[in-house]
Every structure is written in C-alpha cells, then in structure tokens.
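The values are calculated or read from the model by the stated rules, or taken from the named source; none is laboratory data. Keep in mind the model is a prediction, meaning the values are calculated, not measured. Here the Cβ positions follow ideal geometry from the backbone for every residue, glycine too, while neighbour counts run over all protein chains shown. To get the accessible areas, we keep the full protein, side chains included, count just its heavy atoms, and leave off ligands, DNA and RNA. Shrake-Rupley method; radii C 1.70, N 1.55, O 1.52, S 1.80 Å.
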Amino acid sequence: MATKSVGWSSPSEKMKLKSLLLRYYPPGIMLEYEKSGQLKTKSIDLLDLDPSTDVSALVEEIQKAEPLITASRSDQVKLLIQRLQNKLGQHSNHKFYLFKVLRAHILPLTNVALNKSGSCFITGSYDRTCKLWDTASGEELHTLEGHRNVVYAIAFNNPYGDKIATGSFDKTCKLWSVETGKCYHTFRGHTAEIVCLSFNPQSTLVATGSMDTTAKLWDIQSGEEVFTLTGHSAEIISLSFNTSGNRIITGSFDHTVTVWEADTGRKVYTLIGHCAEISSAVFNWDCSLILTGSMDKTCKLWDAVNGKCVATLTGHDDEILDSCFDYTGKLIATASADGTARIFSAATRECVTKLEGHEGEISKISFNPQGNRLLTGSSDKTARIWDAQTGQCLQVLEGHTDEIFSCAFNYKGDIIITGSKDNTCRIWR
C-alpha cells in the first residue's frame, strides 16, 4: 500500500518527534516534530487504508519511509492505524431530520458555509451583509456590516475557523474575526465584482477571483496584496488551493483553467481543452489530479504534474454545474443541468453509477467525509442524500419553497446545511 509523507526534509538536521495525531478524513497520521528549535507538522497519508489492510506490514513500510517513526514508536502507530480502521468500518447511516429553519436575511441569500466542526455557519446576502450563526441554537452571533453591495463569496479559514472572508460586488474583500465580528482588513484592488474566494490551508493568504479577469492573493497579517494573477481573458468563477497550499487553480469563463504557484504568483500551466465556460476546478487530495467541469457537458481529468488531459468524462446531456472528488480521491462526482448526477472511478475513469430522481437541474454536489454518501442540491427545491456505492437515493430533504443553490456537510458528516432562494437556510441533523 502506498503511503505518502508530505514535507520530508534531509535527515542531517536533527528532528525530534513530539506527538502523533490521528486524521480521520482522509485517513492519515499527523506528525508534530521539532527541527532546529521550531515546531513543525507533516502528514503520512493512508488513502488506501481499509478494514482488511495488514497493519504490521503497513507500519514496517511507514518506518522505512519516515525517519521520525522509530522502532520504539511502532506499537503506538499500530494502535493509531487500528483506530483509523475501526472508524472506516463504521459507515455512517445517519438519517437527517430538519432541526431549524432560519429566515436569515430579508433579501436573497447568495451562499452558506460551515466551519469545520459545524458549530457555526455563515450566510451571505444581497442585503450587503454576512451573518454568523450558532448551529445548535440557530441564534445569530454577528452581522458583518460594511460592504456596499451584494456579499457573494464567503468562507471560513478552516480548519482554524477563527476568521471569515467575504467577497462582494463592491469589488472588495473583507477579513473578519469570528469571535468579535470586527473587520480586520478591507482588501482593495479589484476593478469589478469578486465572485469567488478561498483561504490557503495554512490560513496565511486569501485568494480572490473577480469579473475583472484577475485573481489576487492577499496577506492575512498585513492586509497587503501579495500578487495579481493575470492571464485569463474572462471572469474567474472558480478558485481553490491544493492540499499543501503551494498551488492555486483558477477556472474562467474563457474556457480555460490555470494553475499558479502560490509562493511566486507564476503561471505553471494552462489547461486548454474545454469548449465552453468552466464551472468548477479542483485538485484531488494528494495533488496528483485536477478535475474540471464545464458548460460543454463534460468533465476533464488532468495530470497535475504536467498539465496534460488524461480523460474526458462524458454522458451528461447538459451543462456540468458542479464536480468534486471524495476525500481520498478515488471517486469523482458530477452534477448537471440535465437533472442527474454521476459517479466516476478516478482510476478507471468509468461511470460507476448514475443518480436519478431530481426533477430540476443539480447545482451542487459533495461527498460526506466518509465518502459513502453524496449530497445534491437542486432547482426542484429539494436536497437529496445518495448511497455513493449503489447510486440509490436514501433521503429527500424537503421543505424549501424555492430552488436550493447551496448545501454542505460538516467535517463529521452529521450536520447538513441547505440554502435556498426562498431566503431561508435549513439545518438538518
């Protein structure tokens, strides 16, 4: 079984292991270690771990590959891996019930987002505000006021969850404190609406994508612009970092996707091949593949090392509105305006199963962290939960009175939030 250690450094410098931590989704072990007096972390990814894996053989393999895991640590590592195996064996068969309906804003909602634990969430709106909510009580914690136009793109700096970024049609992005609701910085520089944004995994940068055809990187500490990413010839509507945070991917209405170096702002390559607007662009967990979805009714898979297209995923009869990998990168899900979703194997690139039942276009799709369930949101006013293996619809989340444009799981996969054009968001648990 392949293990991949991220962030390895030369053994000549003295490194001392301080602690080992479990990461459930995707399965892995986090190492905290000291090097030259500084505390650092790296991860050993165990993406292929399953309940039948030979743990002793795996620990031996890890010890060969990772100098920090010495023989004296092998029993501890074995126990951690067994705990991960147990967790993988408990497939969540959670049935969701409506917990709260929140009439969040007077004017329409634009987006909703959860923090990692699901303890709070945010809503953006045409009323020029973003609101922060307590999930358990449904109480409003803060109203983030200051934008002069629609608040469109919103995000927490997960996994930390102590900051919020809001991107607005007023051409600015603001950074806020979750605790106090105060604005730390206003990032000014775009010349048109900001429509997408993302924190890097280290929570040191915010990236914004705009209708002005550029993306910008901003320093969270100083509030200064770090780079402008120029090269697209139409608006940037999708933007995300890879897992390690050293690459950014932008998808544009110019039919292309570009990958950039986060440290330098340099263009690494442009993915050319789609013949209509891009709707989504993401890396898989180990950063080996890129998935792009387009209005041309296809998704494409690209080799993230050389930027070559390795597969075109076909079968939908209308535009692809959303696409994603599961946490381990083994499965791909696509959602289309044709009212169906599909699941593909990342290895074989074949369609494994079709999700049929919605009566309108599907604009959002995501896996739960365990990878055994899929959540879809549709213009038919429902969200649905599906079995990722069989494609069977397990639950229909009904009650919204207008189309659902946003839906998400929390990290544990036991809370769902849906946002609708009916101006409400619903918490299901």
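Brief remarks on what is shown
- Vicinal HN-Hα couplings computed from phi for the range 71-82 (Karplus, 6.51 cos²θ - 1.76 cosθ + 1.60; Hz; Gly/Pro x): 4, 5, 9, 4, 5, 4, 5, 4, 4, 4, 5, 5
- Shown is the FRET efficiency for Asp48 and Glu225, computed with R0 = 41 Å from the Cβ-Cβ distance and rounded to the nearest 0.05: 0.50.
- Every pair of different Cα atoms in the range 214-283 enters the Kirkwood calculation, which places the hydrodynamic radius at 12.3 Å.
- Note on Leu39 and Asp162: with the Förster distance fixed at 25 Å, the Cβ-Cβ geometry gives a FRET efficiency of about 0.85.
- Sequence-separation-based contact order of the chain, relative, with Cα cut under 8 Å and 6+ spacing, percent: 10
- Accessible-area rank, largest first, for Cys275, Cys287: Cys275, Cys287, with all protein chains present and a 1.4 angstrom probe.
- For Lys100, a cut-off of 28 angstrom between C-alpha atoms picks up these lysines, skipping any fewer than 8 places away in its own chain: Lys116, Lys131, Lys163, Lys182, Lys364, Lys381, Lys412, Lys421.
- Fluctuation leader among Leu22, Leu144, Leu375 - the chain, Gaussian network, Cα springs under 10 angstrom: Leu22
- Cα pair distances of the range 279-398 binned at 5 Å [whole percent]: 2, 13, 25, 26, 20, 10, 3, 1, 0
- Projected label distance in nm at Leu98 and Ser19, using a 7 Å step from Cα toward the beta-carbon: 4.2
- Debye-formula intensities of the range 171-326, expressed as log10 I(q)/I(0) at q = 0.12 Å⁻¹, are -0.49 (one equal scatterer per alpha-carbon, no solvent).
- Hydrodynamic radius by Kirkwood, which averages 1/r over all alpha carbon pairs of the chain, in angstrom: 22.3
- Using a probe of 1.4 Å, the accessible surface attributed to Lys300 totals some 30 Å² when neighbouring protein chains are kept in position.
- Nonlocal amide H pairs with Gly357, under 5 Å, H built at 1.01 Å: none
- Treating r as the C-beta distance of Val268 and Lys308 and R0 as 22 Å, the FRET efficiency rounds to 0.95.
- Restricting the range 321-429 to GluC sites (Glu not before Pro) in coil, as DSSP defines it, with at most 14 other Cβ within 10 Å: Glu350, Glu356, Glu359, Glu398
- Charges were assigned to the Cβ only: +1 to each Lys and Arg, -1 to each Asp and Glu. The resulting dipole of the chain about its Cα centre is roughly 1100 debye.
- Within the accessible surface of the range 242-351, defined with a 1.4 Å probe on protein heavy atoms only, the carbon and sulfur portion equals 49 percent.
- Residue-normalised accessible area of the chain, given per residue in Å² at a 1.4 Å probe: 42
- When you work out D = kT/(6 pi eta Rh) for the range 324-365 at 10 °C and 1.306 mPa s, using the Kirkwood radius from C-alpha pairs as Rh and the Stokes-Einstein form, the result is 151 µm²/s.
- Per-residue SASA entry for Val55, accessible area with 1.4 Å probe, Å² rounded to 10: 10
- Value of relative contact order over the range 279-398, rounded to a whole percent, pairs C-alpha under 8 Å and six or more apart: 16
- Alpha-carbon gyration tensor eigenvalues x 5, square-rooted, for the range 15-123, Å: 38, 20, 10
- Net length gained if the chain between Lys116 and Glu261 were fully extended (0.36 nm per residue, minus Cα distance): 49.6 nm
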